[in-house]
Amino acid sequence: MLVPRALRSLLCVLSCAWLHTGAASRLKSPALPIQSEREPLPFKGLSGCSFGGRFYSLEDTWHPDLGEPFGVMHCVQCHCEPQKSRRGKVFGKVNCKNIKQDCPDPNCDDPILLPGHCCKTCPKDDDKKQTDSVLESFEYFHEKGKEKEDDLHKSYNDRSYLSSEDMGPGESRTDFVAVLTGGTDSWSSSGVARARFSLTRTSLAFSITYQRMSRPSKIVFLDSDGTTAFEYRVPKGQSDMICGVWKNLAKPLMRQLQSEQMRIRMTTSTSRREEVEGKIIKHRALFAETFSSTLTSEQENSGMGGIAMLTLSDTENNLHFILILQGLPLVVPIRVQLVYRQHVLREIRANITSHDPDFAEVLTDLNSRELFWLSRGQLEIAVATEDQDPRQISGFITGRKSCDTIQSVMSSGDALTPGKTGGVGSAIFNLHDNGTLDYQVQVAGLTSDVVGLTIELKPRRRNKRSVLYDLTPEYSKATGQAAGSWSRMEARHIHMLLQNELFINVATAHSQEGELRGQIKALLYSGLEAPRHELPTPLAGHFVSPPVRTGASGHAWVSVDKQCHLHYEIAVAGLSRADDLAVNAHLHGLAEIGEMDDSTAAHKRLLTGFYGSQAQGVLKDISVELLRHLDQGTAFIQVSTKLNPRGEIRGRVHVPNNCEFGTRGDVDEAEFDDLFVKDPEELKKDPHTCFFENQHHAHGSRWTPSYDKCFSCSCQKRTVICDPVICPVLTCSRTIQPEDKCCPVCDERKEPKDMKAPERVEEHPEGCYFEGDQKMHAPGTTWHPFVPPFGYIKCAVCTCKGSTGEVHCEKVTCPVLTCSHPVRRNPSDCCKECPEEERTAAGLEHSDMMQADGPRHCKFGKNYYQNSDNWHPWVPPMGEMKCINCWCDHGVTKCQRKQCPVLTCSNITRPEGSCCPECVEEDDLMMKVPDKRRTWRH
């Protein structure tokens, strides 16, 4: 296999420290390769570290994963250290070190090295079982808390038992809210927006609704200093809902968010610019909220607005609500009314202040008509001031809106009488403002015909079902699906739906009480381009070959975007906590269903390991073959577990796509001896072009990426190299930032004439300082740049522009050769030459053509290798890795881990310095026991 990009990152981190100081960015041609669309590009203004295709926040630590065959380097720990540039901008620098020397000395004679660990430990009595080393790296499902008898009787203020019952550590979240209003200026907006945020690990998902304003074009998050921390461009659309995700929050910003020091601002790009802004806060009511209302004013630019968060108590018809108001006078008495078609049903009076604008109250004993109007979205809540200048804001109450998806995975493991049938059920729901619930349901792999499909409450006593709605009439046996609408939901049922307290049950002829059952709950919005409005791919043990009798099931949404990247979201249910199961998801592109033996390893791609019941991500480096399988419907998503490493549940995936050339070819070292192709149709056929931002770029071409005009990218034989633009130091006192430029320029209009050109010309009279070789270069001179640890780069030439002190580097153009067998005299030479016996005068015209190669050399770290050379890779700080063999195959470095034989003995050891474990003879064991006892006596 090819050398993983993460290994190149590690080699760079450990031996190219100068790259992190910004010096490398002065070199516009060869740089360390960034593969086409493989590494996540951090948002502008975000500080952190990129390593091995992942982005890490400042202060993060991790063990580098170098990919197959190297795996995770458990004895190497990397740290994203915050650094400051000369201009005071904070950026991240990766620092990796060997932690093996920090291992403690075990206090036993025969310490063992457990899989996934760096340090040896003393064996435990329960560690004798031999486990599959591949599955040892999997993480485990979080054990669900035991159900409480009185769960259904808790008040809305005591819902903490729900927050952790079905969530693993990776799924824990913190919710925030913001009310956005305009000011009283003439350019301000009359609009009011409500934003809800969910923070999970390092990502902040947000759902925003707005009223009385045009669709915003930009959302800006402001830090405690009022500067832009993150900017989100709103896609065009007709919906009044905006969904987005701020990924990879730096830890300092996360702390500001947690301490309520951040604000959010929305602006429109219409002819009349509108802007609303508000503070992001935590609130105790967010977790219990099931109904909501956005309160707006009829007055233009009043600066007033607010939101109401409401919920029903669990056992009584009491409506609890909290108001968050903005733009009110300092101290004012208010009147809160519950209104139906301009008829006041309830009224409450109170005093509030702008320093404490929250107002909480309970409307007790709602009657049946009020509950009916609440369920239909026909009740209005109005807040009016009672002063000399009375003002009012109001809004209709509807079910809580968000970008999350209401869905359910039905499994036999979660049935009222748990079983292991290998079947699956999957459902998605959509709640409208008028209380109508649309549903789509599918089932597969059942033991017998479906006789009942129902939405139910949690049973108060075992096997005592409480059916709310029967979906059975809409079920089609031919398709295994049901689709329809529940148009008479009660307010109580809407409340329970949005509190994840409803279930869907599938009864069959063999299981009258239910073969499958699943909790209906919200799946947090992830920002991926997964088609959640469509039924997902069902995952079941029934689809594994051979079929697996399991209580687990799942479903997955899969899509392929314009860049041919795979977006996936997986949810699973029914995996028994008693089995201590680890979960991993794999994507298989198989020509035949059920061909699951080891020969399919070439088609297998790891999606992710996940901890909990959900997993999502983007797979970017997909092979053409796998994309073809997805297009033809012969690809599979599979979840493997420790009990069933060859597949616990699986589903067939069909994603039509036009990615016939894939997202990349086999990774190669950047060379400069290829043909320049300029015809667009020829570009698609040329295997050496780069596919980046949905465009093909010719080998050797250079462009400015659309994601950031302050970067310059080039294509070097399927490899995209993007370098930041280094702005020149300006000597003028006033500068301006043109909208279409990356760097600021002097403001000529305000600059005195005697300060313009002369001082800039004299700024660097002595020449240019190049940080690669750390030398001064005379004005006008040219040189090959020196880039540690690779030495002189012969394929690039740098020039010193003496007037500005700026270094400009560009690729060397090789001369046209007429000989049939050109050679490269030294591996580091850029251009080939004709052998002495074949040198002739140049007589052929090859515009823009460079030589083709014969068998090429390979570069690994600092060393060059001839074709067919073999070696053990040297990976600092670990040293020589004797269990890995690498070889040079026509310019491509390939590495493979030594294959160890399968051992059948019960006593296994791994000698020091050996690649493979060995069996321990019984005689050796008997000799060791007395030695141990003598040691213990001392």
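Before moving on, here are some points about what is shown:
- Qualifying residue in segment 315-324 (condition: outside any strand (DSSP E or B), over 17 Å from I494 (Cβ atoms) and at pLDDT below 85): no
- The residues listed here are T704, T689; of these, the one that is at pLDDT 75 or above and farther than 23 Å from S623 by Cβ is T704.
Table: residues versus (1) within 28 Å of E289 (Cα to Cα); (2) of a type outside the set (A, V, I, L, M).
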{"residue": "R488", "(1), (2)": "yes, yes"}
{"residue": "L497", "(1), (2)": "yes, no"}
{"residue": "A509", "(1), (2)": "no, no"}
{"residue": "K521", "(1), (2)": "yes, yes"}
{"residue": "Y525", "(1), (2)": "yes, yes"}
{"residue": "H533", "(1), (2)": "yes, yes"}
{"residue": "R549", "(1), (2)": "no, yes"}
{"residue": "A552", "(1), (2)": "no, no"}
{"residue": "K562", "(1), (2)": "no, yes"}
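- Flag if E275 is open to solvent by 20 Å² or more (accessible area, probe 1.4 Å), touching a Phe, Trp or Tyr at 6+ places or on another chain (Cβ under 8 Å), modelled with pLDDT under 95 and assigned by the TED database to the domain that holds S214: yes
Condition check ((1) under 27 Å from D438 (Cβ atoms); (2) without any contact (Cβ under 8 Å) to a residue 60 or more places away in the chain; (3) assigned by the TED database to the domain that holds H320; (4) more than 36 Å from the chain's Cα centre (by Cα)) across all residues:
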{"residue": "T364", "(1), (2), (3), (4)": "no, yes, yes, yes"}
{"residue": "F372", "(1), (2), (3), (4)": "yes, no, yes, yes"}
{"residue": "V383", "(1), (2), (3), (4)": "no, no, yes, yes"}
{"residue": "I393", "(1), (2), (3), (4)": "no, no, yes, yes"}
{"residue": "A415", "(1), (2), (3), (4)": "yes, no, no, no"}
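- In segment 325-342, the residue that is surrounded by the fewest Cβ atoms within 10 Å (Cβ to Cβ) out of those that are among the hydrophobic types (A, V, I, L, M, F, W, C) and assigned to a strand (DSSP E or B) is V331.
- I494 being out of contact with any Pro (no Cβ under 7 Å at 6 or more places or on another chain), more than 21 Å from L371 (Cβ to Cβ) and either modelled with pLDDT of 95 or more or not assigned by the TED database to the domain that holds T454 (or both): no
- Sole exception among (1) surrounded by fewer than 18 Cβ atoms within 10 Å (Cβ to Cβ); (2) modelled with pLDDT of 50 or more; (3) in a loop (DSSP other than H, G, I, E, B) for D666, by number: (2)
- Matching residues, segment 360-393, being of a type outside the set (A, V, I, L, M, F, W, C) and surrounded by 15 or more Cβ atoms within 10 Å (Cβ to Cβ): E370, S375, R376, G377, Q378, E380, T385, R391, Q392
- Here is the figure for segment 636-663: residues that are under 16 Å from G551 (Cα atoms) and modelled with pLDDT of 85 or more total 6.
- Number of positions in segment 446-469 that are surrounded by fewer than 21 Cβ atoms within 10 Å (Cβ to Cβ) and part of a loop (DSSP other than H, G, I, E, B): 12
- Counting only strands (runs of 3 or more DSSP E) wholly contained in segment 485-541, the ones carrying 1 or more residues that are open to solvent by 20 Å² or more (accessible area, probe 1.4 Å), among the polar types (S, T, N, Q) and touching a Ser or Thr at 6+ places or on another chain (Cβ under 9 Å) occupy 516-523, 537-540.
- Complete set of residues in segment 628-645 that are outside any helix (DSSP H, G or I), open to solvent by 10 Å² or more (accessible area, probe 1.4 Å) and farther than 12 Å from A552 by Cβ: T634, K642, P645
- Of everything in segment 430-445 that is under 30 Å from F396 (Cβ atoms) and in contact with a Leu (Cβ under 6 Å, 6 or more places away or on another chain), the residue that is least open to solvent (accessible area, probe 1.4 Å) is L437.
- Annotation: M309 fulfils all but one of (1) open to solvent by less than 10 Å² (accessible area, probe 1.4 Å); (2) outside any strand (DSSP E or B); the unmet one is (2).
- Some residue of segment 55-77 being under 30 Å from Q695 (Cβ atoms), modelled with pLDDT under 75 and not aromatic (F, W, Y): yes
- Screening segment 220-270 for strands (runs of 3 or more DSSP E) wholly inside it with 2 or more residues that are assigned by the TED database to the domain that holds L180 and open to solvent by 60 Å² or more (accessible area, probe 1.4 Å) returns the ranges 228-233, 263-267.
- Check on F396, in contact with a Ser or Thr (Cβ under 9 Å, 6 or more places away or on another chain), among the hydrophobic types (A, V, I, L, M, F, W, C), under 30 Å from E501 (Cα atoms) and open to solvent by 50 Å² or more (accessible area, probe 1.4 Å): yes
- Within segment 876-900, considering residues that are touching a Cys at 6+ places or on another chain (Cβ under 7 Å) and farther than 18 Å from G861 by Cβ, the one surrounded by the fewest Cβ atoms within 10 Å (Cβ to Cβ): K898
- Residues within segment 91-110 that are of a type in the set (D, E, K, R) and under 17 Å from E81 (Cα atoms), tallied: 2
The values are calculated or read from the model by the stated rules, or taken from the named source; none is laboratory data. The structure presented is a predicted model; accordingly, all values stated were derived computationally and were not measured. Heads up, the Cβs are rebuilt from the backbone with ideal geometry, glycines too, and the neighbour counts pull from every protein chain shown. Just the protein is used for accessible areas: all its heavy atoms, side chains included, with ligands, DNA and RNA removed. Shrake-Rupley method; radii C 1.70, N 1.55, O 1.52, S 1.80 Å.
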